[in-house]
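Enquirer: Submitted below is the structure of interest, expressed as structure tokens.
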Amino acid sequence: MSVIISRALPDARDGLKPSQRRILVAMDDLSLAPNRGFRKCAKVAGYTSGNYHPHGEAIVYPTLVHMAQDFRMRYPMVDGQGNFGSIDGDSAAAYRYTEARLQKVTVEMLEELSKETVDFRPNYDGKTREPIVLPSRIPNLLVNGATGIAVGMATNIPPHNLGEVAEACEALVRKRRLKVADLMKYIKGPDFPTGGQILNTRRELGKIYREGSGAVKVRGEYKLEGGARKPKIIVTSIPYMVQKDVLVRTIGDLVGSRKIPQINDIRDESTTDIRIVLELKQGADPDVVMAYLFKNTNLQNNFCLLYTSPSPRDG
């Protein structure tokens, strides 16, 4: 029970694990508002560890980094300055080199802390107090999703579009007894930060949402360039949680082993946007190439949605 409540799973009310909540409260204490200056992440990690989360800065900092990564969170809660890692799997720089402050969306999570809207409890050494949950004026659990594995329980919730979730919340205020089908008029499905095309039908998504588990099939998107003489496939998005450099290497290995003879070369021209270039031989069929890649690489992947439930080992 301690693992479930105190570490592994998010609170349904604010969608945060204790470590995440304590970091945001510490940043609020340090007045790291979106319109204020950045502070070293070493300061934030040390303050969080010293006042709220007594497990060391080495545990706190990776959590802070995760909340700043726009390829992991649909609406990042931390505004990071410096190297905070990349979609290629690169690690963030050490916390003495990076800086952070709160994002505007996070202010909505914290704004009513001083208005006695939530209960507080003593911190680990009893010298100060911490909120049990944040006021959270946005439905963060659905908006940013959550992943956690505890003792006998697990959860894996995808991110969703804030506008769609807000409209569904307004509909629930007007009529409290709405069914899944009614809510899906507003929330069309998951909204992943890395883009991608969801292949499930609305009926399949409805079944997943009703039962609380199932596989959301996500496929990378692409477009064609170069015309008939120099055909190119440009991959413009990849499935959520797929490392881009691993995907490029996998396709490169397939090309090198001549399993996809239609491809002459592969290049990663990505900057802030995904742009993976596949140069095709003249006369090659792009649909055949992409069908092979979808089947044999992570360019098509499953996101296994799971609301908190007993793990398989418990039957």
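The values are calculated or read from the model by the stated rules, or taken from the named source; none is laboratory data. What you are looking at is a predicted structure, and each value in this text was computed from that prediction instead of being measured. When we count neighbours, we look across all protein chains shown, and the Cβ atoms used for this are built from the backbone with ideal geometry, even at glycine. Heavy atoms of the whole protein, side chains included, go into the accessibility calculation; ligands, DNA and RNA do not. Shrake-Rupley method; radii C 1.70, N 1.55, O 1.52, S 1.80 Å.
Enquirer: Per residue, how many Å² of accessible area does the range 144-243 show with a 1.4 Å probe?
Expert: Accessible area per residue: 55 Å².
Enquirer: Arranged from highest to lowest average of other beta-carbon atoms within 10 Å per residue, in what order do the peptides 154-163, 15-24 appear?
Expert: The most tightly packed comes first, giving 15-24, 154-163.
Enquirer: Still on this model: What is the percent carbon and sulfur in the accessible area of the chain, measuring with a 1.4 Å probe over the protein chains and ignoring ligands? Can you show the working numbers first?
Expert: Values: 8080 of 16730 Å².
That fraction is 48 percent.
Enquirer: If I build a Gaussian network model for the chain, linking alpha-carbon pairs within less than 10 angstrom, which residue out of Asp14, Asp285, Asp70 has the largest mean-square fluctuation?
Expert: Fluctuation is largest for Asp285.
Enquirer: Taking amide H atoms as placed 1.01 Å from N in the peptide plane, list the residues 5 or more away in sequence, or in a different chain, whose amide H sits under 5 Å from that of Ser237.
Expert: Glu221
Enquirer: From the P(r) of the chain, could you give the percentage of C-alpha pairs in the tail past 29 Å?
Expert: Value for the chain: 46 percent of Cα pairs lie more than 29 Å apart.
Enquirer: Taking H as built 1.01 Å from N, whose amide H comes closer than 5 Å to the amide H of Asn83, not counting residues under 5 places away?
Expert: For Asn83, the qualifying residues are Ala93.
Enquirer: In the chain, once you exclude exposed GluC sites (Glu not before Pro) (DSSP loop, at most 13 other Cβ within 10 angstrom), what's the longest stretch remaining? Provide the component values of the computation, followed by the final result.
Expert: Values: sites that count: Glu116, Glu269.
Between exposed loop sites, the widest span is 117-268.
Enquirer: Could you work out which residue, out of Thr272, Thr250, Thr194, moves most in a Gaussian network model of the chain, that is, has the largest mean-square fluctuation with Cα springs under 10 Å?
Expert: Maximum fluctuation in the GNM of the chain, among the listed residues, is at Thr272.
Enquirer: For the chain, calculate the relative contact order in percent as a whole number, restricting contacts to Cα pairs under 8 Å that are 6 or more residues apart. Show your work: numbers first, answer last.
Expert: On the way: 573 pairs, mean separation 51.1, N = 315.
RCO, the chain: 16 percent.
Enquirer: Projected onto the charge dipole of the chain (+1 at Lys/Arg Cβ, -1 at Asp/Glu Cβ, origin at the Cα centre), which of Ala100, Leu172, Gly82 gives the Cα projection farthest towards the positive end?
Expert: Looking along the dipole axis, the top candidate is Leu172.
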